[in-house]
Amino acid sequence: MRKSVALALIQLGFLAACGGGGGGLTTPPPTPNNVETVTVDAGPPAATFTAVNTPFISVKVCVPGTMTCQTIDHIEIDTGSIGLRILADAPLTVALPAAMDTGGHPMAECLEFADGTSFGSVAVADIQLPVSGETATGVNVQIIGDTTYPTIPPDCGPGTTTENTVAAFGANGILGVGPFIDDCNSAGNCPIPTSGHPQFAIYYSCPTPSTCADATASVMQQLPNPVILFGTDNNGVIIDLPAVGSAGTTTVSGSLVFGIGTRTNNALGTATVLPEDPTTGFITGTYKGIAYADGYLDSGSNGNFFTDSSLVPCTTATGFYCPASTMSETATLQGTTATMLAAAFSVANAETLFSNTSYAAFSNLGGTNPDAMGFDLGLPFFYGHKVFIAIEGNSVSGNMGPFFAY
């Protein structure tokens, strides 16, 4: 998996980065204008590792109200986090204005993912998805590794891995399109931590670049889910990827569809809805007779991560399973209603899979989960499925978000 916010867990990252330039937000979009091309590949060359099971798109960012823009590729799509985050060394070359707090001071944020922590300034941008043409204006975004703010606050993930460069992060950025409207799970203000590091997101007020202090961030000051700011098609997303064979493959091309039930190409159809816990975003995954309460579907996870003491752990591919032969497994998923849905997946020897260094997509990659109650179906489960992620507060065919469906 990659990183995950509210519905987070583990993750081994493998991504990459690259930058570019572009025009303004007036470019006529192609048809259909709610579908973005998703590519799973080895990631950008600036990363120090090969991306595995990492879905990428490109995003255009503009100085608000202008045609001063840049298109940045290899932005990871993550249904387990919220908001657009760009690595400063992607490189981000357009000078985006700082987001200010109520006291007129620039803001910064620390976000703890499952595999590390990222710190950077908060800026404001107009954004456009260059294939679909979907746009949002005046969006708060995080600039990870912004060199204007060189001092990482001491409460920003102490003891965790720092991921403030493309080389460490593995992507040029991440676009969180999960089931909540902002990155503190819409619980109102993002508070100042009371002890240690009890929350995944911390906001700061920065009177000077070296004196960032913990601060409360209102819902309007936090990073939003950009999807909710689209003019239409703003109640959720669909990730539609083709099946991948047991040996894996070099690249995969699929679609990120915006909106659920807003057009003929995003109808819920016969998909089964699994309502999520409205506070945590979790569903329950029952596997080999054990109910795991912290379950979710996460495109940002590069494997299926769960607990199974009968599966042999890898020796060198730490955190992954390496069974002697491929194992066929089944779980039952259940949301907050009585509806249950079977989830079939397989687990192959990760070290054997990784031995083919030209391959970036594997449908049978699995690993351990540090959350004793966690059950994470990552991108391997998305292959061959059309997965719906409905955002909280929206009713789709009589089903209230947040929910997963497939």
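The values are calculated or read from the model by the stated rules, or taken from the named source; none is laboratory data. Not measured: the values here are computed from a predicted model. Neighbour counts run over all protein chains shown; Cβ positions are idealised from the backbone, glycine included.
Descriptive notes on the structure:
- Residue in the stretch 88-98 that is small (Gly, Ala, Ser), within 25 Å of Ser358 (Cα to Cα), surrounded by 23 or more Cβ atoms within 10 Å (Cβ to Cβ) and at pLDDT 95 or above present: yes
- Cys314 meets all of the listed conditions (1) closer than 27 Å to Met373 by Cβ; (2) touching a helix residue (DSSP H, G or I) at 6+ places or on another chain (Cβ under 9 Å); (3) touching a residue at least 60 places away in the same chain (Cβ under 8 Å) but one, namely (3).
- Breaking point among (1) modelled with pLDDT of 95 or more; (2) of a type in the set (Val, Ile, Thr); (3) more than 30 Å from Tyr383 (Cα to Cα), for Thr251: (3)
- For the stretch 109-137, filtering for residues that are of a type outside the set (D, E, K, R), part of a strand (DSSP E or B), more than 23 Å from Asp233 (Cβ to Cβ) and touching a Ser or Thr at 6+ places or on another chain (Cβ under 7 Å) leaves 4.
- Selection of the stretch 209-256 for residues being closer than 30 Å to Ala348 by Cα and either among the hydrophobic types (A, V, I, L, M, F, W, C) or without any contact (Cβ under 8 Å) to a residue 40 or more places away in the chain (or both) yields Val237, Ile238, Ile239, Leu241, Ala243, Val244, Ala247, Val252, Leu256.
- Only one of Ala342, Ala331, Ala348 that is surrounded by fewer than 17 Cβ atoms within 10 Å (Cβ to Cβ), touching a Leu at 6+ places or on another chain (Cβ under 9 Å) and closer than 22 Å to Val244 by Cα: Ala342
- Leading residue by the ranking (surrounded by the most Cβ atoms within 10 Å (Cβ to Cβ)) among those in the stretch 138-162 that are farther than 15 Å from Leu223 by Cβ and touching a residue at least 60 places away in the same chain (Cβ under 8 Å): Tyr149
- Scope the stretch 114-139; condition modelled with pLDDT under 95 and under 30 Å from Pro370 (Cβ atoms); matching residues: Ala114, Asp115, Gly116, Thr117
Conditions tested, residue by residue: (1) hydrophobic (A, V, I, L, M, F, W, C); (2) in contact with a Cys (Cβ under 8 Å, 6 or more places away or on another chain); (3) surrounded by 24 or more Cβ atoms within 10 Å (Cβ to Cβ).
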residue	(1), (2), (3)
Asn364	no, no, yes
Thr368	no, no, no
Asp371	no, no, no
Leu377	yes, no, yes
Tyr383	no, no, no
Val387	yes, no, no
Glu392	no, no, no
Ser397	no, no, no
Phe403	yes, no, yes
